[in-house]
Amino acid sequence: MAVPLFDTRTPLAPLREQIAARVGAVMESGRFILGPEVAAFEEEWAAYLGVPHAIGVANGTDAITLALLALGVGPGDEVVVPSFTFYASAEAIPPTGATPVFCDVDPETFCATPDTVRAALTPRTKAVIVVHLFGNVAPVEAIEALGVPVVEDAAQAAGARAADGRRAGALGTVATFSFFPSKNLGAFGDAGAVTTADDGVAERVRMLRFHGSRDKSTFELVGQNSRLDAVQAAVLRVLLPHLDGWCEGRRAAAAHYEAAGLGAHAALPAPIGGCEPAWHLYVVRHPRGDELLERLVAAGVEARAYYRVPTHLQPAMRRWGEGAPLRGTEQAAREHVALPMSPVLDAAQAREVTTAAAP
């Protein structure tokens with residue numbers, strides 16, 4: 001039987017009537033942009049993360065751009081960002097006028113480290129984007145100790161915790177989330193958020209998402225039109241109480257892989273520094289990643305290689321990244337394979353994937 005890369009339908013099935021009722025209430029209200037539904041989700045998301053401020057925006061890419069602008073990033077500045085990540089992590093930088101500077105990652109964890117970030121810092125560095133890739137939790141505190149504000153790209157880490165119990169999204173100066181439908185907490189369309197404990201940053205993000213205005217009449221900043229709509233907020237409010245349970249299901253799925261003996265055929269992902277990963281994706285390493293991928297696909301397993309061409313070598317980024325000595329990134333790009341992962345992936349499916357992975 002085929003094993004899907006994602007299973008978003010099964011966890012949502014018991015919630016369909018509740019979701020439909022909440023969306024229907026929004027339709028009856030006629031309040032579709034911002035409004036009380038968005039404000040309620042912002043309050044609930046901030047409380048869940050343990051931060052004072054959550055600001056809903058249109059998507060995760062806008063969230064990064066707005067977070068950088070709120071930190072004062074602009075022309076002449078540099079922003080350090082890992083190359084081994086989804087393209088949007090870097091794509092969000094040029095709209096601020098700043099230059100992306102690519103740093104390496106640890107090929108065993110796929111995340112940036114204090115050493116890889118330090119190697120990319122210059123006097124022009126205004127911020128560092130640290131990506132909690134695949135739901136692991138990067139060492140934000142150690143990186144922020146380098147003296148530069150950290151933007152957590154937590155798009156893949158909703159529900160993850162650091163070793164000290166704090167949640168991803170509450171570790172750096174500011175954090176960003178995507179609620180794309182396949183994420184651990186997924187809306188029914190594009191949606192995102194910015195979170196922070198900094199009152200000034202929060203106020204600037206609120207203005208920037210709404211054309212640089214506080215009141216629709218006076219425009220103090222050149223902002224954007226990037227607002228979370230009420231229908232998506234309504235969906236997210238229904239799903240949020242289930243997020244921790246779904247993340248436990250993902251961790252259970254990872255344990256199923258380990259118990260099935262997958263580690264004999266590929267290097268398994270490991271939590272960084274004792275964190276509790278959310279395992280948005282379960283990504284293993286193999287010296288011949290494409291060969292492993294071919295075996296899995298031939299057996300009906302929906303595996304995938306996400307970042308064979310890392311961001312710094314993508315056509316639009318080569319002017320900033322070509323020639324960068326990113327050996328860890330090159331290794332990670334060559335070796336990684338994403339396996340099926342969901343809150344409901346069971347032991348039998350894990351054994352099926354493991355059997356397919358065997359040479």
Q: Could you check how many residues of region 286-307 are closer than 20 Å to residue 83 by Cβ and either in contact (Cβ under 8 Å) with a residue 60 or more places away in the chain or touching a Gly at 6+ places or on another chain (Cβ under 8 Å) (or both)?
A: 4
Q: Take the residues in region 149-167 that are in a loop (DSSP other than H, G, I, E, B) and touching a helix residue (DSSP H, G or I) at 6+ places or on another chain (Cβ under 8 Å), then tell me which one is farthest from residue 282 (Cα to Cα).
A: 162
Q: Would you check if residue 325 is under 19 Å from the mean Cα position of the chain (by Cα) and not assigned by TED's automatic domain parsing to the domain that holds residue 83?
A: no
Q.
If I go through region 300-334 residue by residue, how many of them are part of a helix (DSSP H, G or I) and closer than 23 Å to residue 251 by Cβ?
A. 1
Q.
Going residue by residue through region 172-179, is there one that turns out to be under 24 Å from residue 120 (Cα atoms), among the aliphatic types (A, V, I, L, M) and touching a residue at least 12 places away in the same chain (Cβ under 8 Å)?
A. yes
(Q) Show me the helices (runs of 4 or more DSSP H) found entirely inside region 22-139 where at least 1 residues are touching a Gly at 6+ places or on another chain (Cβ under 6 Å), touching a residue at least 24 places away in the same chain (Cβ under 8 Å) and within 21 Å of residue 233 (Cβ to Cβ). (A) 35-49, 60-70
Q: Considering only region 211-250, state which residues are farther than 21 Å from residue 44 by Cα, out of contact with any Phe, Trp or Tyr (no Cβ under 7 Å at 6 or more places or on another chain) and either touching a residue at least 12 places away in the same chain (Cβ under 8 Å) or surrounded by 17 or more Cβ atoms within 10 Å (Cβ to Cβ) (or both).
A: 220, 221, 224, 225, 249
Q) Quick one: in region 216-248, which of the residues that are of a type in the set (S, T, N, Q) and either touching a helix residue (DSSP H, G or I) at 6+ places or on another chain (Cβ under 7 Å) or assigned to a helix (DSSP H, G or I) (or both) is nearest to residue 49 (Cα to Cα)? A) 232
Q: Test residue 180 against the criterion of being closer than 16 Å to residue 37 by Cα, assigned to a loop (DSSP other than H, G, I, E, B) and assigned by TED's automatic domain parsing to the domain that holds residue 44, and give yes or no.
A: no
Q) Which ones in region 190-210 are farther than 16 Å from residue 41 by Cα and either part of a helix (DSSP H, G or I) or in contact with a helix residue (DSSP H, G or I) (Cβ under 9 Å, 6 or more places away or on another chain) (or both)? A) 198, 199, 200, 201, 203, 204, 205, 207, 208, 209
Q) (1) surrounded by 17 or more Cβ atoms within 10 Å (Cβ to Cβ); (2) at pLDDT 95 or above: which one isn't true of residue 271, the others all being true? A) (2)
Q. Any residue at all in region 191-198 that is in the same structural domain as residue 38 (by TED's automatic domain parsing) and either modelled with pLDDT under 95 or surrounded by fewer than 19 Cβ atoms within 10 Å (Cβ to Cβ) (or both)?
A. yes
Q | Residue in region 151-163 that is of a type in the set (S, T, N, Q), touching a residue at least 24 places away in the same chain (Cβ under 8 Å) and over 18 Å from residue 71 (Cβ atoms) present | A | yes
Q: Name the residue, out of 43, 78, 37, 28, that is among the acidic types (Asp, Glu), on the phi < 0 side of the Ramachandran plot and in contact with a helix residue (DSSP H, G or I) (Cβ under 7 Å, 6 or more places away or on another chain).
A: 37
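The values are calculated or read from the model by the stated rules, or taken from the named source; none is laboratory data. The model shown is predicted, which means the values in this text are computed figures rather than measured ones. Cβ coordinates were reconstructed from backbone atoms using ideal geometry, including for glycine residues, and neighbour counts include every protein chain displayed.
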